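Reading through the structure tokens given below for one structure.
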Amino acid sequence: MTKTIDGRNGVMKKFIQDFKKFITKGNVLDLAVAVIIGGAFGKIVSSLVNHIIMPVISWIIGGRSFEDIKTIIRPADLITGTTESAIFWGLFIQNVVDFLIIAFVIFLIVRAFARINELAEKARYKLHEEEIKAKEEADRLAAIEAENTPKPPTVEELLTDIKALLEKRAQS
């Protein structure tokens, strides 16, 4: 009997087996692809915000770049060599716009998948209803056929017929 790291038999072995199953299912590959696509999508959205949306907004509000919108807490001092400390509101707003665009696109994707799943579920339900109707129709036709098919005689009827034949034969 082998002992695991935590002192319980088989716990670590089970954990490793589960991890192997997880890796071989393809989930890791799906996750890696999602991360790569997500990174590329993030760059596209950032470019859209930084190079198209924010310049238009800057132009509308007076030509000032959003990157320049800041509140200076401590100005730079060249004599002492201290750098400027500031709150960069413009960059924050750009990041919020980035987030809102990404969130909106993810919302649209999730909504589209939900709609597709809903349509697929309706199709499955309709197919299931059609299968039930077909089975009911088959059962109805089988019942009609069973009613129209002559029933074989019972043992009692056969014995009665044999008895009648024998009596008729004995009388002749």
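Numbers below:
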| item | result |
| --- | --- |
| Selection count where residues are open to solvent by 100 Å² or more (accessible area, probe 1.4 Å) and outside any loop (DSSP other than H, G, I, E, B), scope region 68-89 | 3 |
| All positions within region 65-80 that are among the hydroxyl-bearing types (Ser, Thr, Tyr) and closer than 27 Å to Asn50 by Cα | Ser65, Thr71 |
| Residue among Leu119, Leu108 that is at pLDDT below 90, in a helix (DSSP H, G or I) and either open to solvent by less than 100 Å² (accessible area, probe 1.4 Å) or under 25 Å from Ala34 (Cβ atoms) (or both) | Leu108 |
| Which numbered condition Phe92 misses (of (1) within 30 Å of Pro55 (Cα to Cα); (2) open to solvent by less than 80 Å² (accessible area, probe 1.4 Å)) | (2) |
| Residue, nearest to the chain's Cα centre (by Cα), within region 142-157, restricted to residues that are open to solvent by 90 Å² or more (accessible area, probe 1.4 Å) and at pLDDT 90 or above | Val155 |
| Region 83-105, residues that are of a type outside the set (Phe, Trp, Tyr) and at pLDDT 90 or above | Thr83, Glu84, Ser85, Ala86, Ile87 |
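The values are calculated or read from the model by the stated rules, or taken from the named source; none is laboratory data. For clarity, every value in this text was computed on a predicted model and none was experimentally measured. Reconstructed Cβ throughout: ideal geometry from the backbone, glycine too, with neighbour counts over all protein chains shown. Heads up: the accessible areas ignore ligands, DNA and RNA and are worked out on the full protein's heavy atoms, side chains in. Shrake-Rupley method; radii C 1.70, N 1.55, O 1.52, S 1.80 Å.
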